[in-house]
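Input: a single structure, listed below in structure tokens.
The values are calculated or read from the model by the stated rules, or taken from the named source; none is laboratory data. What you see is a predicted model, and the numbers here were worked out from it, not measured in a lab. Positions of Cβ are generated from backbone atoms using ideal geometry, with glycine treated the same way; all protein chains shown enter the neighbour counts.
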Amino acid sequence: MHYGYHIGMDEIGAWLPLLLPILILHLILFSVALWDLLKRDQSADYKWFWGAVIILVNIIGPILYFVLGRRQRSDAPTSSQSTPKKVRKS
């Protein structure tokens, strides 16, 4: 006895024009978000957290990274960015 909904190949073909753009969008967002995260100079904890969000939360994860993760990154100073020191003239 089967309690689920059986989807045949003809029904998948009918849904394919709707699903294909969503799948392509997901792959582009996923790839660009991971690439951006990996090339940034941030701590390992930061990268692990956002990497897990991007991978595990599907379409919403990369969007959250671009909206929240990049903003946190730009607000927080990194080790490569030093604050300018004031020079006192006498």
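Have a look at 13, 4, 51 and point out the one that is free of Cβ contacts under 8 Å to residues at least 40 places away in the same chain and outside any helix (DSSP H, G or I).
Answer to the selection: 4.
Out of the residues in segment 1-54 that are of a type in the set (Ser, Thr, Tyr) and loosely packed, with under 14 Cβ neighbours inside 10 Å, state the one that is nearest to residue 69 (Cα to Cα).
Here is the first cut: in segment 1-54, the residues of a type in the set (Ser, Thr, Tyr) are 3, 5, 31, 43, 46.
Checking which are loosely packed, with under 14 Cβ neighbours inside 10 Å leaves us with 3, 5, 31, 43.
On the way: 3: 42, 5: 39, 31: 15, 43: 13 Å.
Filtering first and then ranking leaves 43.
With respect to residue 87, determine if the residue is modelled with pLDDT of 90 or more and surrounded by fewer than 12 Cβ atoms within 10 Å (Cβ to Cβ).
Numbers: modelled with pLDDT of 90 or more: no; surrounded by fewer than 12 Cβ atoms within 10 Å (Cβ to Cβ): yes.
So residue 87 fails the test.
For segment 67-78, give me each residue that is exposed (fewer than 15 other Cβ atoms within 10 Å of the Cβ) and modelled with pLDDT of 70 or more. Don't jump to the end; show me each part of the working.
Within segment 67-78, the subset exposed (fewer than 15 other Cβ atoms within 10 Å of the Cβ) is 67-68, 71-72, 74-78.
67, 68, 71 - these are the residues of segment 67-78 that are exposed (fewer than 15 other Cβ atoms within 10 Å of the Cβ) and modelled with pLDDT of 70 or more.
Cβ contacts < 8 Å: first residue closer than 14 Å to residue 42 by Cβ and among the charged types (D, E, K, R), restricted to segment 61-73; second residue outside any helix (DSSP H, G or I) and modelled with pLDDT of 85 or more, any location; separation 6+ or different chain. Result?
If the second residue must be outside any helix (DSSP H, G or I) and modelled with pLDDT of 85 or more, the pairs left are 73/40.
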